[in-house]
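A quick write-up on the structure given underneath.
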Amino acid sequence: MSVNKLNVNLIFLLLSQVVVFPSQHNIKLEVLGHTSEAPNWSFFAPHENENVVNDYVSQQILERGGVFVILRQKGKRLLRLDIKPFEVKIDPNRIFTKKGRRNNIIKHNPRLRTNTYVFHRAMRLSEALANFIVKTMGGTDTSRTWVAIHNNTHGYLGDNKQGIGNISIVQYQQKLAEGAAFIKAVSLHKGDEDDLFFVTEQQDFNAMDQNGWNAVLQHPQVVTDPTEDDGSLSVYAQKLGIRYINIEAERATGNFGENHLEEQQQMVDYVFRRLLSKNTDVNLSNSLD
């Protein structure tokens with residue numbers, strides 16, 4: 001481990017706090033920064049195995065303010081809800097709406113019947129966890145911006161290039177052409193297809209397009225079309241009218257693909273420039289060049 005990374009980890013440990021999910025103590029939120037002070041942005045990493053740029057985000061939060069919340073359990077993508085004698089698997093980015101929670105539990109636990117105590121308990125725990133996360137991020141004040149940190153695998157299944165993932169700007173463009181209702185627009189530029197922004201506001205999308213970034217604009221009809229409600233934080237943000245930006249970049253999976261750390265750092269820098277430009281109470285002399 002490099003000295004710089006060691007220093008970042010040490011600072012993070014000293015200045016962060018761990019908040020335990022009251023309903024299940026092996027689920028925790030690692031929190032750096034504060035929500036009670038300006039600036040009003042909250043970064044969130046829902047998948048513990050998608051952590052390429054987390055150290056860099058932590059550095060930026062320490063320097064620029066805001067809060068960074070990392071969901072932790074056992075280092076995996078999926079969480080396990082303990083409902084003795086069972087474990088119910090869930091994707092923690094599919095728990096923010098009722099419909100999303102239901103479909104999430106069914107998808108990852110196909111043998112679990114929906115009319116059982118375990119299923120209903122999993123629904124209640126998922127809802128409680130979603131509320132716990134949102135509260136820790138500062139609540140649902142529409143003046144706040146939510147920034148999600150995600151990583152994906154190289155390419156996408158069926159791309160004829162041995163891709164194994166399900167996130168790609170090329171795939172989003174294909175989905176839009178095929179009539180995907182949850183996408184309003186796609187901006188495809190140079191750069192790796194796996195490095196992209198996913199946003200809810202037209203203004204952010206336009207700026208990213210003009211600045212040469214790969215970007216996807218979520219369609220506002222996800223709010224009213226139940227078939228497009230997947231329970232994700234982006235859908236929940238759109239329902240609430242909260243500005244949402246997802247910073248998505250490739251990570252290595254075994255010996256396949258690469259960690260696009262430098263690229264994702266540049267994307268984080270760009271988002272901070274946009275955040276700072278929207279917050280006149282922040283000292284813009286400290287903004288990135």
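Being outside any strand (DSSP E or B) and within 16 Å of the chain's Cα centre (by Cα) is the filter here; which residues of region 76-103 pass it? It would help to see each step written out before you state the result.
From region 76-103, those outside any strand (DSSP E or B) are 76-78, 84-85, 91-103; that's our starting set.
K76, R77, L78, D91, P92, N93, R94, I95, F96, T97, G100, listed by residue number.
Can you tell me which residue within region 53-88, out of those that are of a type in the set (K, R) and open to solvent by 70 Å² or more (accessible area, probe 1.4 Å), is farthest from Q17 (Cα to Cα)? Among those residues, the one meeting the criterion is K84. On the stretch given as region 179-200, residues that are modelled with pLDDT of 95 or more, open to solvent by 60 Å² or more (accessible area, probe 1.4 Å) and either of a type in the set (G, A, S) or part of a loop (DSSP other than H, G, I, E, B) (or both) total 1.
Kindly indicate whether N211 is crowded, with 22+ Cβ neighbours inside 10 Å, of a type in the set (S, T, N, Q) and over 17 Å from I242 (Cα atoms). In short, no.
Among the residues that make up region 235-250, is at least one of them assigned to a loop (DSSP other than H, G, I, E, B), over 19 Å from G155 (Cβ atoms), out of contact with any helix residue (DSSP H, G or I) (no Cβ under 7 Å at 6 or more places or on another chain) and not hydrophobic (A, V, I, L, M, F, W, C)? Can you show your working first?
Our first condition is that a residue be assigned to a loop (DSSP other than H, G, I, E, B); within region 235-250, this holds for 241-242.
Retained after the next criterion (residues that are over 19 Å from G155 (Cβ atoms)): 241-242.
Within this subset, residues satisfying the condition of being out of contact with any helix residue (DSSP H, G or I) (no Cβ under 7 Å at 6 or more places or on another chain) are 241-242.
After this cut, where a residue has to be not hydrophobic (A, V, I, L, M, F, W, C) as well, the list is 241.
Among the residues of region 235-250, at least one is assigned to a loop (DSSP other than H, G, I, E, B), over 19 Å from G155 (Cβ atoms), out of contact with any helix residue (DSSP H, G or I) (no Cβ under 7 Å at 6 or more places or on another chain) and not hydrophobic (A, V, I, L, M, F, W, C), which makes the answer yes.
Of the residues making up region 14-52, those that are in contact with a Lys or Arg (Cβ under 8 Å, 6 or more places away or on another chain), open to solvent by less than 20 Å² (accessible area, probe 1.4 Å) and either in a strand (DSSP E or B) or modelled with pLDDT under 95 (or both) are L29, P39, W41, S42. In region 155-169, the count of residues that are open to solvent by 20 Å² or more (accessible area, probe 1.4 Å) and assigned to a helix (DSSP H, G or I) is zero.
Determine, yes or no, whether T142 is in contact (Cβ under 8 Å) with a residue 12 or more places away in the chain, over 19 Å from the mean Cα position of the chain (by Cα) and exposed (fewer than 15 other Cβ atoms within 10 Å of the Cβ). No. Just one of the numbered conditions (1) within 23 Å of I61 (Cβ to Cβ); (2) in contact with a helix residue (DSSP H, G or I) (Cβ under 9 Å, 6 or more places away or on another chain) is not true of A122: (1). From the list K89, K84, the lone residue that is on the phi < 0 side of the Ramachandran plot and at pLDDT below 95 is K84. Just one of the listed residues (A130, A122) is at pLDDT 95 or above and closer than 30 Å to Q264 by Cα, and it is A130.
The values are calculated or read from the model by the stated rules, or taken from the named source; none is laboratory data. Keep in mind that this is a model prediction, so the values were computed, not measured. Cβ atoms come from the backbone with ideal geometry, glycine included; neighbour counts cover every protein chain shown. For the accessible areas, the whole protein counts, side chains as well, though only heavy atoms, and no ligand, DNA or RNA atoms are used. Shrake-Rupley method; radii C 1.70, N 1.55, O 1.52, S 1.80 Å.
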